[in-house]
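Reading through the C-alpha cells given below for one structure.
The values are calculated or read from the model by the stated rules, or taken from the named source; none is laboratory data. On a predicted model such as this, the values are computed, not experimentally measured, just so you know. Using ideal geometry, Cβ is built from the backbone for each residue, glycine included, and neighbour counts are taken over all protein chains shown. Note: accessible area is taken over every heavy atom of the protein model, side chains too, but ligands, DNA and RNA are not part of it. Shrake-Rupley method; radii C 1.70, N 1.55, O 1.52, S 1.80 Å.
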Amino acid sequence: MRRLSIIVPKEQLHNLLVYTGQEQILHLISVPHKALPEGVERYDASNVLGRSSAIRNRILSLNSALGTVELSPERIDAPIQDLEALADFLDKETAKLEHSFKDAEESADKLQTERERAQELARFLSGLESAGVPLDAIGGKGFLTILAGEVDRESVQGVQKALEEVTYGNAVFAITGTSDKTQTFLAVFPTPFQEEARQSITALGAKLEASLADLPADASEARKMVDAGLEQIERSAKRVEHEREDRVKELGPRTKGLSLLSEVLEIRARALAGSSTTQATCMLQPWVPKDRVQQLEEGASKSCSGLASIHIENEIVDKPGHGHEAKSDAHSATEESSPPSLVRVPSWASPLQSVINNFGVPSYNETNPLIFMLVSYPVIYGLMFGDFGEGVIFIAFGLFLWTLKRKQAKVSDFFRPFVNGAELIILLGIGITVFGFVFGDFFGFESSHVFGFHGLFSPTEGALDNPPDITHLQTFMVIVLLFGVAHYTFGLSLSAYNKLHRKEYSEAFFGPICWAWFYLVGVYIVAGLALANFDFSVALKEPALLVLVVVPLMLMVWKEGGLHAFEAFLSAASNTFSYLRIWALNIADFFFKFALFTSGGIVGGDVGAIVGAVLGNVLVMIIEGLIVFVQTLRLHWVEWFSKFYEGAGLSFAPYQEPKGWNVRVRG
C-alpha cells in the first residue's frame, strides 16, 4: 500500500473523481495540517455537506411520493464541476419539482375534502328524508340555518368567535376537514342571524359554499342533487389521478436523476473535506494498492489531460494479514495516516472473511485467520451436527442460493444474508456430510439400517442400550477435548508467529510461548490425574512436572505482569472446557431427533412416519443449524481469536460514485 499526494487543477477535479470513482482505486484520507504549505488551506466542505443532506432528504420525499423506483434517471445538464454551483442547482430544481407536485397534491386534497363534505351532506339529507322533514324547515327559510365553508387555519378561531358574537352564543360550530393551509367548517345557528353571520365570516376570509336554501325543499330531490355533485367530484378525482400519473412519467425520471446527483454531491463533499486547496489547485491524499499505482498515474494523466501531478509519500507492504512488517515510518504513523488493510480473498471465501471482519479487520502486523478457518469452521460445525443426509440438503440449498447470487436476483431483506453467505453454507454442508459419514448418521437414522454400512465412529453408540453403554460418549469427550487443546495451542502459536515477525522477540517468549509452555504441561498433568482417578499423589511423584508448570507462570508474572499470568491460568481451564459444547450439541442433536421420532411414531413404524421424519429433520436443520452456527462462531471469536487476533485494521474503503449516473457537464 502506498500513500500518494495528487495535485490537480480545479477544472480537472471532476474528471479525476469520475475516473477514480469508476476504478475504485483511492482510499482518501485527510491531508495532515503539517503537510499544508504556506498559502494552502483545508477545503471547507461543511456548508456543502449540510446543504446536500437537506437536499437529499427533500428528493427522497419526492421519490417516495411519486413512486419512481422502476423509472430510469434522466440525463441532466448540471454544473457538476463546482460543488457550490451544483448545490444551488439541485436546490432550485428540487424546489420546482416540489412546487409542481404540491399543486397536484393540493388539488387532490381539495377534491378529497369536497368528497367527504358531500358524503356527510348526503348522509344528513338521507336522515331528513327518512324522518320526513322538509329541507326548508332548517335551510334558511325555517328556524335554523346551516353554513359550510373553508378558511385559513389561523383564522378558524376568529370565525368561530365572530359567529358566537353575532348569534349571542347560539351557534354550533364544527371542523369537518383539515389540510396544510386551510380547514373546512360547518355552522348551525338561528335563521334571523344568517345575513349578519355571512358578512362577518366572509370579512375574515372564509369561502362559503351554497347554503341549504339553494337546494330543493324536498330532501329526496336535494340528496339526488348532492349525489350528482359527488359523481362530478369522482370524475374530477379520476382526471386528477390521470394527471398525476402523467406527472410521474414526466417528472419521475428527472427526480431520479436529481437523486443521483445529490448522492454525487454528498460523496464528493465528503471526499474533498480532507483535501487542501489553493485558488487554482486541489490536493488529495489517498492510500493506493502498490500494484495499482502505475495504473492510477496513467489513468489520471489521461483523464486530466496530463495536468494531474502524483507524488509518492511512503510505502506499506501490500499483504495485510500475513504477519509482514510495515516500514518504520508507517508502523509508527498516527491513526490519520495508518494504511488501510486491503484484504484480497477468492469470491468463494468472502462470506467467511466477512465473519472475520465482523470481529475486526486484519491489520498489517497480524495473521489473517481465514486460511485456517476454511478448515476449522466446517470441522467444528460438522462435529456438532454431522449428518450426511442433512449435509447434502445444506449443499443443495447453498448451491441454489449461489445461483441466485450469481444472477443478482432480487430477494427480500430477510433472505439477503443467506444469499450473500451461499458459499459458507456450502462449506458447512461439506463439513456436515463428511462427519455424517464418520458418525454413520443419515437424517437421524443409523446408516447401517438404511444403507448397510457402519460409520467409523458413532459417539452415541450404546447410549440407548439397557443398561446404557457410555464408552463411546466418553471417548468422544476425550476426542473433543484433544481437539480443543490443539485449537487453543495453535492460536498461541499464531500469536508467537505474529510477534516474531514483528521482531518482538521478548514479547513472543514471555507472552504466547510461555503461555503455551504452561498450558501443555498443565494439560499433561491434568490428563495424568484423570487417568489415575484424580489421585493427586501421582503428581507429587514427578516434581519436575510441577516445576515445569510453575516456571512459565512466574516468567509471565515477572515480564508481563500478574494480570496476564492470571488470565493465562484461568483461560487454560475455562477455554478448554468450553470446547465441550461440541460434545454436548452432538449428543443433543441425537436425542432431539430420537425424541421427535419417538413422539411421531417413527420408531414404532406407525402411519405417517415418513411425514414425521421429514418435518422433524426440517425442524432440526432450522433450529440446530442456527444454534450450532452461533456456537461455532463463539469458539472462534472468544476461545481462539483471543489468543492471537486483534482485528484492529482499517478496512480499505475506495472512493466510488453511484453507478448509472449521467450528466452533461456545463460550467
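Could you go through the range 261-274 and let me know if any residue there is farther than 19 Å from residue 658 by Cα and either without any contact (Cβ under 8 Å) to a residue 60 or more places away in the chain or in a loop (DSSP other than H, G, I, E, B) (or both).
The initial filter retains those residues of the range 261-274 that are farther than 19 Å from residue 658 by Cα, namely 274.
From the residues that got through so far, the ones that are either without any contact (Cβ under 8 Å) to a residue 60 or more places away in the chain or in a loop (DSSP other than H, G, I, E, B) (or both) too are 274.
The answer is yes; a qualifying residue exists.
Do you know which residues across the range 177-206 are of a type outside the set (A, V, I, L, M), open to solvent by 40 Å² or more (accessible area, probe 1.4 Å) and assigned to a strand (DSSP E or B)?
Across the range 177-206, the qualifying residue is only 178.
What helices (runs of 4 or more DSSP H), lying completely within the range 557-667, carry at least 1 residues that are open to solvent by 70 Å² or more (accessible area, probe 1.4 Å) and at pLDDT below 90?
Once the helices (runs of 4 or more DSSP H) in the range 557-667 are filtered for at least 1 residues that are open to solvent by 70 Å² or more (accessible area, probe 1.4 Å) and at pLDDT below 90, what remains is 562-578, 580-599, 609-634.
I'd like to verify a number: residues in the range 69-93 that are open to solvent by 50 Å² or more (accessible area, probe 1.4 Å), touching a Pro at 6+ places or on another chain (Cβ under 9 Å) and without any contact (Cβ under 8 Å) to a residue 40 or more places away in the chain, how many?
The qualifying residues number 1.
Closer than 24 Å to residue 653 by Cα, assigned to a helix (DSSP H, G or I) and touching a helix residue (DSSP H, G or I) at 6+ places or on another chain (Cβ under 8 Å): does that describe residue 63? Quick ask: steps written out before the conclusion?
Values: closer than 24 Å to residue 653 by Cα: no; assigned to a helix (DSSP H, G or I): yes; touching a helix residue (DSSP H, G or I) at 6+ places or on another chain (Cβ under 8 Å): yes.
In short, no.
With 479, 513, 425 as the choices, which residue is among the β-branched types (Val, Ile, Thr), within 23 Å of residue 370 (Cβ to Cβ) and not in a loop (DSSP other than H, G, I, E, B)? Spell out the reasoning first.
Numbers: 479 fails: within 23 Å of residue 370 (Cβ to Cβ); 513 fails: within 23 Å of residue 370 (Cβ to Cβ).
Every option except 425 fails the conditions.
Check 182, 167 and return the single one that is among the β-branched types (Val, Ile, Thr), at pLDDT 80 or above and in contact with a Pro (Cβ under 7 Å, 6 or more places away or on another chain).
On the way: 182 fails: in contact with a Pro (Cβ under 7 Å, 6 or more places away or on another chain).
Testing whether each residue is among the β-branched types (Val, Ile, Thr), at pLDDT 80 or above and in contact with a Pro (Cβ under 7 Å, 6 or more places away or on another chain) leaves just 167.
Name the residues in the range 274-314 that are open to solvent by 50 Å² or more (accessible area, probe 1.4 Å) and aliphatic (A, V, I, L, M), would you?
280, 307, 312
Note down all Cβ pairs under 6 Å where the first residue falls in the range 236-255 and is closer than 11 Å to residue 100 by Cβ and among the hydrophobic types (A, V, I, L, M, F, W, C), the second is modelled with pLDDT of 80 or more and crowded, with 16+ Cβ neighbours inside 10 Å, and they're at least six residues apart or on different chains.
That search, which allows pairs on different chains as well, returns 251/97.
Taking residue 456 and the conditions (1) touching a helix residue (DSSP H, G or I) at 6+ places or on another chain (Cβ under 6 Å); (2) buried (at least 16 other Cβ atoms within 10 Å of the Cβ); (3) not charged (D, E, K, R), which numbered condition does it fall short on, given that it satisfies the others?
With (1) touching a helix residue (DSSP H, G or I) at 6+ places or on another chain (Cβ under 6 Å); (2) buried (at least 16 other Cβ atoms within 10 Å of the Cβ); (3) not charged (D, E, K, R) applied to residue 456, the lone miss is (2).
Mind checking which residues of the range 233-253 are over 16 Å from residue 112 (Cβ atoms) and either touching a Pro at 6+ places or on another chain (Cβ under 8 Å) or open to solvent by less than 30 Å² (accessible area, probe 1.4 Å) (or both)?
Result: 248, 251, 252, 253.
Residues in the range 102-120: is at least one at pLDDT below 85, part of a loop (DSSP other than H, G, I, E, B) and out of contact with any strand residue (DSSP E or B) (no Cβ under 9 Å at 6 or more places or on another chain)?
No.
Here is a list: 482, 464, 540, 531. Which entry is over 46 Å from the mean Cα position of the chain (by Cα), under 30 Å from residue 594 (Cβ atoms), open to solvent by 80 Å² or more (accessible area, probe 1.4 Å) and not basic (Lys, Arg)?
Numbers: 482 fails: over 46 Å from the mean Cα position of the chain (by Cα); 540 fails: under 30 Å from residue 594 (Cβ atoms); 531 fails: under 30 Å from residue 594 (Cβ atoms).
One residue alone meets the criteria, 464.
Would you point out the residue of the range 21-68, among those that are within 13 Å of residue 259 (Cα to Cα) and open to solvent by 70 Å² or more (accessible area, probe 1.4 Å), that is modelled with the lowest pLDDT?
Once the filter is applied, the top-ranked residue is 64.
Among the residues of the range 375-415, write down those that are under 25 Å from residue 635 (Cα atoms) and either loosely packed, with under 13 Cβ neighbours inside 10 Å or hydroxyl-bearing (Ser, Thr, Tyr) (or both).
Correct list: 375, 376, 377, 381.
Scan the range 464-490 and report the pairs whose first residue is free of Cβ contacts under 8 Å to residues at least 60 places away in the same chain and whose second residue is assigned to a helix (DSSP H, G or I) and open to solvent by less than 50 Å² (accessible area, probe 1.4 Å), with Cβ atoms within less than 8 Å and a gap of 6+ or a chain change.
Cβ pairs passing all conditions: 489/516; 489/519.
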